[in-house]
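The values are calculated or read from the model by the stated rules, or taken from the named source; none is laboratory data. Small disclaimer: the values here were computed from a predicted structure and weren't measured. Ideal geometry is used to build each Cβ from the backbone, glycine not excepted, and the neighbour counts take in all protein chains shown. Surface areas here come from the heavy atoms of the whole protein model, side chains and all, with no ligands, DNA or RNA. Shrake-Rupley method; radii C 1.70, N 1.55, O 1.52, S 1.80 Å.
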Amino acid sequence: MGKNVRHFIDLDDVPPETLKAILSHAHELKKQKFNPPQIFHGLSLAMVFDKRSTRTRMSFEIAMKQLGGHTVVMNMEEMQLGGSESIESTANVLSRYVDGIMLRMSDQAMMVELSKHTQIPVINGMTNESHPCQIMADMLTIEEKLGPIEGKKVAWFGDSNNVSNTFIQASKIFGFELVLALPEDLHGKVPAGADVTADAKAAAKDADVLVTDTWVSLGQEGKTIEKFQPYQVNADLMTTAKDNAIFMHCLPIHEWEEVSEEVAKSPASVIYDEAENRLHAQKAILAWCLEEAGVSVQDSFDFADE
Ligand code: CP
Ligand code: NVA
C-alpha cells in the first residue's frame, strides 16, 4: 500500500481540474479513434456486474482493447464474494491479478468499502446512487455539439435517480445551469442545492439540452409510472427549448414512455453519439486511473491533480 490509488467512484471525490483534464483528454482520444495510442499495453481490467449492461460492458471492454490492454468479465453471482468470501479478501486478491476494477454494483457503500482494500483503482460503472462514467460521456457529447459546457442550460425530466444525482454534481464542477422537472413528491429526494420544479415547461424554457432517463431503473420493475406522464420529453416540450437544443438519454429507452418516438428519432436527438462517447470518455478515465500503474499519456498532457 502507501501508493496513491486513483479511484473513480463519485465525481465529487475527484478534483474539478482533474475532471476537466480527463474531459480534454477524452476529446483528444476521440480524435485518435482510428490510431489509438497503445498506452494500456500489458494492463488488465476486471469488470464485475450485479446488473444488466450493454453500453458499460461493451465500451469498457473495447476501450481497454483498443488501447492495448486486456479485460476479464464476471457476474457478481458467479464470484465467491457474496458467498463465503469477504470484501477485503476479494479486494486483495483482485489487486494481485489485474490493474484496475470496474464494477456495476447496486450498493455504492459496498463499492467504497471494496476500494478501501484494493491496491488498484476502482471505477464506478453505475450504482443505485450514481453513474459518473455516463456523465463524463454526456459532458463530452454536449461540448461536441454545442461548444464549452460552462454556462449552458441543461433541463432534466422525470425521475430522481443515479443519473440525475451525478448531473447535479457535474453542474457544480463544470459550471452549467441545471433544472430538474420532477413530480412534486420526489422533490425531497433530490440532493440539497439543486434547482427543482414540478413545471416541465418552465424547466425546458430556453434550455440548450433536454435530458431524461427511464422512469423504471434496474431493480424497480413493477413501479407505477402515471405520475411521470407530464414529464415525457415530446415535440411540444422541445419547442419550448432553444432552437438548436439537443435531446439526450443515457439509454436504454423504455419505448415510448419518458421520450416520444418523434423526439428520440429527430435530428435534435444525439443519443447514439452519446452512447459512442462512453468509449472515448472511458479511455480517458482509465488513463487517469491507470497512470500510477505505468500508463504514460501524451507528453503534452497533464491531469492537473495532486
Ligand atoms: N447507459 C448505460 O449505462 O447503459 P448500460 O446499462 O447498457 O450499460
Ligand atoms: N437509471 C437507470 C440508468 C441505466 C443506465 C438505471 O439505474 O437502470
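A few notes on this one:
- Scanning region 192-225 for residues that are in contact (Cβ under 8 Å) with a residue 12 or more places away in the chain and more than 21 Å from Ala264 (Cβ to Cβ) yields Gly193, Ala194, Asp195, Val196, Thr197, Ala198, Asp199, Ala202, Lys205, Asp206, Gly219.
- Some residue of region 18-29 being buried (at least 17 other Cβ atoms within 10 Å of the Cβ), among the basic types (Lys, Arg) and closer than 17 Å to Gly294 by Cα: no
- Subset of region 51-80 that is open to solvent by 40 Å² or more (accessible area, probe 1.4 Å) and closer than 22 Å to His117 by Cβ - its residue that is farthest from the chain's Cα centre (by Cα): Gln80
- Residues in region 171-195 that are open to solvent by less than 40 Å² (accessible area, probe 1.4 Å) and more than 19 Å from the chain's Cα centre (by Cα): 4 in all.
- Per-region count, region 131-141, residues near ligand 2 (Cβ under 10 Å from one of its atoms) and hydroxyl-bearing (Ser, Thr, Tyr): 0
- When every residue of region 147-161 is checked against the conditions, none turns out to be within 16 Å of ligand 2 (Cβ to nearest atom), open to solvent by 10 Å² or more (accessible area, probe 1.4 Å) and outside any loop (DSSP other than H, G, I, E, B).
- Meets criteria (more than 16 Å from ligand 2 (Cβ to nearest atom) and of a type outside the set (D, E, K, R)) for Val233: no
- Among the residues of region 187-209, just one is more than 25 Å from Thr240 (Cα to Cα), away from ligand 2 (no atom under 16 Å from the Cβ) and in a helix (DSSP H, G or I), namely Gly188.
- Extreme residue, nearest to the chain's Cα centre (by Cα), among residues of region 81-137 that are farther than 20 Å from Arg55 by Cα and β-branched (Val, Ile, Thr): Val112
- In region 61-74, the residues that are in contact with a Lys or Arg (Cβ under 8 Å, 6 or more places away or on another chain), touching a residue at least 40 places away in the same chain (Cβ under 8 Å) and within 16 Å of ligand 1 (Cβ to nearest atom): Ala63
- Among the criteria (1) out of contact with any strand residue (DSSP E or B) (no Cβ under 7 Å at 6 or more places or on another chain); (2) among the small types (Gly, Ala, Ser); (3) farther than 28 Å from Gly125 by Cβ, the one Ala170 does not fulfil is (3).
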